[in-house]
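Working notes for the structure below.
Since every read-out is calculated from the coordinates, none of them should be taken as a lab result. These figures come from a predicted structure and were not determined experimentally. Please note: Cβ atoms are built from the backbone with ideal geometry, for glycine as well, and neighbour counts cover all protein chains shown.
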Amino acid sequence: MRNIALLAGGNSSEREIALQSAAQVAEAFDKEMYNVWLIDVHGRSFTYRNEGKEYQMDLNDFSLTVEGQKIEFEYAYIMIHGTPGEDGHIQGYLEMMGIPFSSCDMVSSVITFDKVTTKRAVADTGVSLAKGLLLREDDWIAPDAIVAELGLPLFVKPNASGSSCGVTKVKSAEELPEAIFKAFDESSEVLVEEFIAGREMACGVLVTSEKEYLFPITEVVAKNEFFDYEAKYTAGMSDEITPAEIAPEIAEKLHEMTLAAYKACRCKGLARVDFIVTPEGEPYMIEINTIPGMSGGSIVPKQIKAAGMTMTEVLTLIIEDELCNQ
């Protein structure tokens, strides 16, 4: 049996959600094929916990010693939202150590974690994108000037963050400074984007060496102003309809754009691409999630089920495809 290190937790605001996702994923692995060791990554600490005891990984060779037995890992499954799991840090370390892993490589992770860089990567693919402004900590643009360029309402977002942490929907110029300060608490750069009215759609995708899997699309209907942290992770705060009740031609366009964005950013493994679809049926890409949520209430597991597949089947596909192509 293969020893799999399931890397969880992380250092960002999404830490607890990542731990929930990892617990769900751990249950879904094929127990006849894999020994799964859940490793809590927090700062420089890579900790395995069992029966009240803690064991630290040796990062010199990516191994774990438990009760005198040394465990060497053949593969790492990354289940860390935010830093260091989606921003390329973990990927760079694993690449250096020669350990195969589940997500995008370091370069792709750096691209997709940065919202502006993602938009630049997909700009020439035909994927529609909202207009935006990038602000750095030393920048100052008068709120009235931002409104004149982008209109109202608009969104203020951390440029490098996830789970809608630090995101604000702004309805007046007076609200802009506070929203910008809030976003800077999450990231050193802030993206201000025009508001695109429409329905929010989430598109799960998995590409292996043998096949492209485009899962049934989910429509997200948030009960808050938008699909914010509370709406994403609080039961009853959003309705998620899978498959989405949309025209076949719109679903086809969403799948085409999902695949185009995935390939433009050189993604690997399981990902989710989010869109707003206007009343005229035009999708605008919001972002790419290279390590989408996998907890009980998350979108992608529901899409996998709607596609007639199991989480166990998908996890095995991801791992074996990577190991067979080493």
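Loop-located trypsin sites (Lys or Arg not before Pro) in region 37-125 (DSSP state not H, G, I, E or B) with no more than 11 neighbouring Cβ atoms inside 10 Å: ARG44. With no solvent and one equal point scatterer per Cα, compute the Debye intensity ratio I(q)/I(0) for the chain at 0.07 Å⁻¹ and report its log10, rounded to two decimals. Here log10 of I(q) over I(0) equals -0.28. Label point of MET309 set 7 angstrom out along Cα-Cβ; within region 188-218, amide nitrogens under 16 Å from it belong to 203-218.
For region 2-102, what class follows from the C-alpha gyration tensor (a ≥ b ≥ c being the square roots of its eigenvalues): rounded when a/c is under 1.5, otherwise prolate if a/b is larger than b/c, else oblate? Could the numbers behind the result be given before it?
Numbers: a/c = 1.29, a/b = 1.17, b/c = 1.10.
Rounded.
Taking GluC sites (Glu not before Pro) as exposed when DSSP calls them loop (any state but H, G, I, E, B) and at most 14 other Cβ atoms lie within 10 Å, what is the longest stretch of the chain free of them, the sites themselves excluded? Counting at most 14 other Cβ atoms within 10 Å as exposed, the longest clean stretch of the chain is 138-209.
Computed from the C-alpha gyration tensor, the three semi-axes of the ellipsoid equivalent to region 131-194 are 17, 12, 10 Å, from longest to shortest. Cross-link pairs exceeding 21 Å between alpha carbons, from the set LYS115/LYS169; LYS131/LYS169; LYS169/LYS253: LYS169/LYS253.
Between 0 and 90 degrees, the angle of helix 15-28 with respect to the longest Cα principal axis of the chain falls at about 50 degrees.
A Gaussian network model of the chain, with springs between Cα atoms under 10 Å, assigns the largest mean-square fluctuation among ILE90, ILE217, ILE71 to ILE71.
Here the simple spin-label model places points 7 Å from the Cα toward Cβ, and for GLU16 and ASP144 these points are separated by 4.2 nm. In this rough spin-label picture, where each label sits 7 Å from Cα along the Cβ direction, the LYS70-GLU320 distance is 3.1 nm. Full extension of the segment from MET96 to ALA197, taken as 0.36 nm per residue of separation minus the current Cα-Cα distance, would add 32.0 nm.
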